[in-house]
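Shown next, in structure tokens, is the structure this report addresses.
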Amino acid sequence: MIRIDQTITRADMIRCALCADAPCDRACEKLAPTGLLRSVWFSNEQTAALRLPEGNPCLTCGAPCEQACVRAGEVPIRDLVNRLYDQVKPDCETPLPENEDRLQCDLCGIPLENPFLLSSSVVASTYDMCARAFEAGWAGACFKTICTLDIHEASPRFSAISGSDGGIIGFKNIEQLSDHSVAENMEIFRRLKKNYPTKFILASIMGQNEAEWGELARLCQENGADAVELNFSCPNMAEGGLGSDIGQVPELVERFTRAAKQACSIPVLAKLTPNVANMSPAAEAAKRGGADGLAAINTIKSIVGINPHTYVSAPAVHGHSAVGGYSGNAVKPIALRFIAELGQNPALQGMHLSAMGGIETWRDALEFILLGAGSIQVTTAVMQYGYRIIDDLKAGLNLYLTEKGFHSVKEAMGLALDSLSPTTDTLERDTVIFPKFNRERCIGCGRCQISCADGGHQAIRLDENRHPKLNGKQCVGCHLCVLVCPQRAIISGTKRIHRNQ
């Protein structure tokens, strides 16, 4: 794999809008820049480099792609392609895989073309949407939660927290369940299974009592669903005693899981709420009720963006708002924590884990797999970037598995669990690892000095040439400087010292 200090990241193409039918593609006769740019955006620069033709056409090109860009002259397309040729491609030791066989896996014994599914949400709420996703390469879809309730959605119902690039890092929704009737949804299942027999249909359901949980599970199986996901976790229900209200009570999780399991013979997954201190009690209850697998996490209860003039949080609906579900890349660390908890619980061994929560790139997905997930579900990234992200999810994971010599996704499952402790008590604390400065990349901005002085241990100063100098007697090896450097010019070093030296 290529060295960390030679990677190209989103920061290098921060102004790219990731256009639909991108003008840069139409302006370029030699390459398809938009695919290369998208691969860089989604942490897949190696695949982008390996797809380049022999001989760099940008060397003798006037870069019409940059002027055709919707932000003309603001995206350094030619420079990015040159860096893929010069910095990334030479260090690529593994050729592109010839097929996607390594991505094949299963969900409770049922084959999946790859581990990537749409999660239960608006991105999987109609026949047309699921069909387009299947055509794009998604292995399946968890259809938007089916219920017998009369659903009427609020408008608007989304809000977000944006990062420095203007993209969404945290997303809030107050959306509820499918607004189609049960009969309409069953017709969609029949059409999907007829036209896409190899795709996986995971039917999300929510009942109001044991009889309803069982009846919905039975209907989904009869109409083509491959498995059922029990929604014990939606935070946005208007009526009490539904969604996350159930997921917080293990006794109800067990009872309703048993009702659904007794009514159908296909696999049943319990989708658990993150709005608890620990997920294991509900997970173990689901297993007692007969669940074959677990799905986590759903969105986290949140409040976003209080308007300083109206005093109403977002999204504002006629002067009012409500606590809603938070998702997006910002929740990934919390999702990983819960998946690790489930993966390390010996009482849950053998249960399939379908993971979700902030997944945008193949590396995000891999982290969940390394903690024990056997399938990956995605929503918020699809809402922001579209079904097309499946290309880089598959390509990046496939290349990683090939580089590591893995023959399947299963060989990577759970590899990070043994090194992970639920507390910091077991960590070694007798040595310090110093940071290492790359002077060629350093621009002398002094961000490392500021952060170390005001948020660290006053161990960095700038010399007369604005180069950072480390005071080893003051440095405790916290690596705050590594994180704040905008040039990625500081990395973890190899020099270790004992604290008593």
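Which one of these is in contact with a Ser or Thr (Cβ under 8 Å, 6 or more places away or on another chain) and polar (S, T, N, Q): THR60, THR47, THR126, THR34?
Numbers: THR60 fails: in contact with a Ser or Thr (Cβ under 8 Å, 6 or more places away or on another chain); THR126 fails: in contact with a Ser or Thr (Cβ under 8 Å, 6 or more places away or on another chain); THR34 fails: in contact with a Ser or Thr (Cβ under 8 Å, 6 or more places away or on another chain).
Of THR60, THR47, THR126, THR34, the one residue that is in contact with a Ser or Thr (Cβ under 8 Å, 6 or more places away or on another chain) and polar (S, T, N, Q) is THR47.
Please specify each residue of region 206-227 satisfying the condition of being among the aliphatic types (A, V, I, L, M) and over 16 Å from LEU118 (Cβ atoms). Step through it out loud before you land on a result.
Initial filter on region 206-227 (among the aliphatic types (A, V, I, L, M)): 206, 211, 216-217, 219, 225, 227.
Passing the criteria: MET206, ALA211, LEU216, ALA217, LEU219.
Please verify whether ALA68 is in contact with a Phe, Trp or Tyr (Cβ under 8 Å, 6 or more places away or on another chain) and among the hydrophobic types (A, V, I, L, M, F, W, C), treating the condition exactly as stated. Against the criterion (in contact with a Phe, Trp or Tyr (Cβ under 8 Å, 6 or more places away or on another chain) and among the hydrophobic types (A, V, I, L, M, F, W, C)), ALA68 does not qualify. Taking the conditions exactly as written (among the hydroxyl-bearing types (Ser, Thr, Tyr) and in contact with a Phe, Trp or Tyr (Cβ under 8 Å, 6 or more places away or on another chain)), does SER178 satisfy them or not? For SER178, the condition - among the hydroxyl-bearing types (Ser, Thr, Tyr) and in contact with a Phe, Trp or Tyr (Cβ under 8 Å, 6 or more places away or on another chain) - is met.
ILE359 - would you say it is aliphatic (A, V, I, L, M) and crowded, with 21+ Cβ neighbours inside 10 Å? Give the derivation first.
Values: aliphatic (A, V, I, L, M): yes; crowded, with 21+ Cβ neighbours inside 10 Å: yes.
So ILE359 fits the description; yes.
Of everything listed in (1) free of Cβ contacts under 8 Å to residues at least 24 places away in the same chain; (2) closer than 30 Å to GLU74 by Cβ, the single unmet condition for ASP128 is (2).
Okay, residues lined up against (1) free of Cβ contacts under 8 Å to residues at least 40 places away in the same chain; (2) in a helix (DSSP H, G or I); (3) surrounded by 14 or more Cβ atoms within 10 Å (Cβ to Cβ):
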| residue | (1), (2), (3) |
| --- | --- |
| ILE8 | no, no, yes |
| ASP21 | yes, no, no |
| SER39 | no, yes, yes |
| GLY55 | yes, no, no |
| LEU59 | yes, yes, no |
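Yes/no per residue for (1) touching a Cys at 6+ places or on another chain (Cβ under 8 Å); (2) surrounded by fewer than 24 Cβ atoms within 10 Å (Cβ to Cβ); (3) small (Gly, Ala, Ser):
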| site | (1), (2), (3) |
| --- | --- |
| HIS352 | yes, yes, no |
| ALA355 | no, no, yes |
| LEU397 | no, no, no |
| ALA416 | no, yes, yes |
| LEU420 | no, yes, no |
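For region 391-413, a residue qualifies if it is in contact with a Ser or Thr (Cβ under 8 Å, 6 or more places away or on another chain) and outside any helix (DSSP H, G or I), but none of them does. The residue pairs whose first member lies in region 459-478 and is outside the structural domain of PHE437 (by TED's automatic domain parsing) and closer than 13 Å to LYS436 by Cβ, whose second member is assigned to a loop (DSSP other than H, G, I, E, B) and of a type in the set (Val, Ile, Thr), and whose beta carbons are closer than 8 Å, counting only pairs six or more residues apart or on different chains, do not exist in this structure.
Of all residues in region 159-200, those being β-branched (Val, Ile, Thr) and in contact with a Gly (Cβ under 6 Å, 6 or more places away or on another chain) number 4.
Scanning region 20-63 for residues that are more than 28 Å from ILE168 (Cα to Cα) and either in the same structural domain as GLY386 (by TED's automatic domain parsing) or under 29 Å from the mean Cα position of the chain (by Cα) (or both) yields LEU31, LEU50, ARG51, LEU52.
Restricting to region 213-230, and then to whatever is buried (at least 24 other Cβ atoms within 10 Å of the Cβ) and either modelled with pLDDT under 95 or touching a Cys at 6+ places or on another chain (Cβ under 8 Å) (or both), can you tell me which residue is nearest to PHE171 (Cα to Cα)?
Going through region 213-230, the residues buried (at least 24 other Cβ atoms within 10 Å of the Cβ) turn out to be 213, 216-217, 220, 225, 227-230.
Narrowing further to those that are either modelled with pLDDT under 95 or touching a Cys at 6+ places or on another chain (Cβ under 8 Å) (or both): 216-217, 220, 227-229.
Values: LEU216: 30, ALA217: 30, CYS220: 30, ALA227: 28, VAL228: 26, GLU229: 23 Å.
Among those that are buried (at least 24 other Cβ atoms within 10 Å of the Cβ) and either modelled with pLDDT under 95 or touching a Cys at 6+ places or on another chain (Cβ under 8 Å) (or both), it is GLU229.
Scanning region 80-103 for residues that are assigned to a helix (DSSP H, G or I) and either of a type in the set (Gly, Ala, Ser) or without any contact (Cβ under 8 Å) to a residue 60 or more places away in the chain (or both) turns up VAL81, ASN82, TYR85, ASP86, LYS89, PRO90, ASP101. In region 339-366, the residues that are in the same structural domain as ALA296 (by TED's automatic domain parsing) form no Cβ pair under 6 Å with any partner that is surrounded by fewer than 22 Cβ atoms within 10 Å (Cβ to Cβ) and part of a strand (DSSP E or B), whether six or more places apart or across chains. From the list ARG429, ARG388, the lone residue that is part of a helix (DSSP H, G or I) and among the charged types (D, E, K, R) is ARG388.
Which residues, counting only those in region 256-271, are without any contact (Cβ under 8 Å) to a residue 60 or more places away in the chain and either touching a strand residue (DSSP E or B) at 6+ places or on another chain (Cβ under 7 Å) or not basic (Lys, Arg) (or both)? I'd like the intermediate steps shown before the answer.
Of the residues in region 256-271, the ones without any contact (Cβ under 8 Å) to a residue 60 or more places away in the chain are 256-266, 268, 270.
Passing the criteria: PHE256, THR257, ALA259, ALA260, LYS261, GLN262, ALA263, CYS264, SER265, ILE266, VAL268, ALA270.
Scanning region 53-67 for residues that are within 15 Å of LEU36 (Cβ to Cβ) and either touching a Gly at 6+ places or on another chain (Cβ under 7 Å) or among the hydrophobic types (A, V, I, L, M, F, W, C) (or both) yields CYS58, CYS61, ALA63, CYS65, GLU66.
The values are calculated or read from the model by the stated rules, or taken from the named source; none is laboratory data. Since we're looking at a predicted model, the values are computed, not measured. All Cβ positions, even for glycine, are placed from backbone atoms using ideal geometry, and neighbour counts span all protein chains on display.
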